[in-house]
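A short write-up of the structure that comes next.
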Amino acid sequence: MEYWGKLPSILDSASRTRKLSHAYLLTGPEGIGKKTLATAFAARIFCEGEKKPCGECKHCRMFSAGSHPDFITVNREKDRANLSIRLIREMIDDVYIKPLLSSYKVILIPEADKMEFPAQNALLKVFEEPPSYCVILLIAKNEQSLLPTVRSRAVTVRVPHLGEKVIEQKIRERYPENAENAPFLAAFSGGIPGRALAMCENESFLELRGQWLDELFALAQGKKSAVFTMAEQYEKNKDRQDILLELMLCWLKDALFVSREYEDGIINQDRIQELETVAGSIPEKNLATAFTFLAEERRKMGKNPNIRLWITDVILRMREVLHDESNRNMF
Ligand SMILES: [Zn+2]
């Protein structure tokens, strides 16, 4: 998997000038590309070509085949929740053995935030006396789980969100079958490439979204039957409930934007006609109230043991808000 964005300048210049730190900490949310970026950086560190990574030198070839002897990944054992001190000790023993082929030895720890504290303490010893050739790449979703002493000894790189245009372009290249939906997928990904990929690779996602927004439009037009259909869909798609709520929030936000004549930032561009119909028939303040109501309810999601009852109530009340039926009782 290639990194879709440009290498952050701190990593780009470090790999070009060979002024490398002993440790880097890459942080960011799930799917942002932390590991992909770390791997792209490692490839540049090893490459001996002019333009890095050249893809042709022996290091590049071995690296892309996954067989570079100086690149070590420390993965958590499958049956353990944490990264044990045993694995870190093994890695430390390895660190002090000189690299075989390259002038560098790169250690990747993909779930550094899962290191037990004794493991982190052991790692600190390497940070105190690092061999000159060693570069340690730590990846953390939750950097607060790392000891401050570990964090302070590594160069922190916050992996940036990608631009919508970049993601849209990549979707078109890699998933030509989704070209038509690329603008929506890119906008809905929120700049997180892993999220865009997950949506592209899950064939039924776009279908579900289509049905969900059809029903939502029907609901906004006052159709009572939509309440039942949506509650049923929601209950059925157990592993996608949060995304269904998010789709609903995005759609309401879009309708609000259309109503306020904001042209930028509309996520469901392919639904613009429906959004215009909604914005033309439902007062802006009702759309805003419905949005706030739903955002508030989403925070409570999962607290109610009866999902069907909860979602039916939420959708019914949203319908009421949109049509001003009992607005005054809402809050
Ligand atoms: Zn190369």
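Figure legend. Inter-residue proximity from region 49-68: first residues assigned by TED's automatic domain parsing to the domain that holds residue 38, second residues more than 9 Å from the ligand (Cβ to nearest atom) and among the hydrophobic types (A, V, I, L, M, F, W, C), beta-carbon distance below 6 Å, spacing 6+ or different chains. Indicated pairs: 68/62. Only one of the listed residues (23, 81, 43) is surrounded by 16 or more Cβ atoms within 10 Å (Cβ to Cβ) and in contact (Cβ under 8 Å) with a residue 24 or more places away in the chain. That residue is 23. I'm trying to understand the selection: among the residues of region 217-242, which are under 19 Å from residue 290 (Cβ atoms) and under 21 Å from the mean Cα position of the chain (by Cα)? 241, 242 - these are the residues of region 217-242 that are under 19 Å from residue 290 (Cβ atoms) and under 21 Å from the mean Cα position of the chain (by Cα).
From the list 157, 126, which one is within 25 Å of residue 13 (Cβ to Cβ), surrounded by 14 or more Cβ atoms within 10 Å (Cβ to Cβ) and at pLDDT 95 or above?
Working: 126 fails: at pLDDT 95 or above.
Selected residue: 157, the only one of 157, 126 that is within 25 Å of residue 13 (Cβ to Cβ), surrounded by 14 or more Cβ atoms within 10 Å (Cβ to Cβ) and at pLDDT 95 or above.
One residue is enough: does region 24-37 have a residue meeting the conditions at pLDDT 95 or above, in contact with a helix residue (DSSP H, G or I) (Cβ under 6 Å, 6 or more places away or on another chain) and of a type in the set (Val, Ile, Thr)? Yes, there is a match, as at least one residue in region 24-37 is at pLDDT 95 or above, in contact with a helix residue (DSSP H, G or I) (Cβ under 6 Å, 6 or more places away or on another chain) and of a type in the set (Val, Ile, Thr).
Within region 318-331, residues that are exposed (fewer than 13 other Cβ atoms within 10 Å of the Cβ) sit with their Cβ atoms under 6 Å from residues that are at pLDDT 90 or above, at 6+ positions apart or across chains, in these pairs: 326/320. Please determine whether any residue of region 66-79 is of a type in the set (Asp, Glu) and away from the ligand (no atom under 16 Å from the Cβ). The answer is yes; a qualifying residue exists. Which residues, taken from region 32-56, are away from the ligand (no atom under 11 Å from the Cβ) and farther than 30 Å from residue 188 by Cβ? Of everything in region 32-56, just one residue is away from the ligand (no atom under 11 Å from the Cβ) and farther than 30 Å from residue 188 by Cβ, namely 42. In the condition set (1) acidic (Asp, Glu); (2) touching a strand residue (DSSP E or B) at 6+ places or on another chain (Cβ under 9 Å); (3) over 21 Å from residue 25 (Cα atoms), residue 94 is compliant with all but (3). Taking residue 27 as the residue in question, decide whether it is of a type outside the set (Asp, Glu) and within 16 Å of the ligand (Cβ to nearest atom). It is false that residue 27 is of a type outside the set (Asp, Glu) and within 16 Å of the ligand (Cβ to nearest atom). Residue count for region 191-208 under the criterion of being farther than 30 Å from residue 37 by Cα and touching a residue at least 24 places away in the same chain (Cβ under 8 Å): the result is 1.
The values are calculated or read from the model by the stated rules, or taken from the named source; none is laboratory data. None of these values were measured; they are calculated from a predicted model. Glycine gets a Cβ as well: all are built from the backbone with ideal geometry, and neighbour counts include every protein chain shown.
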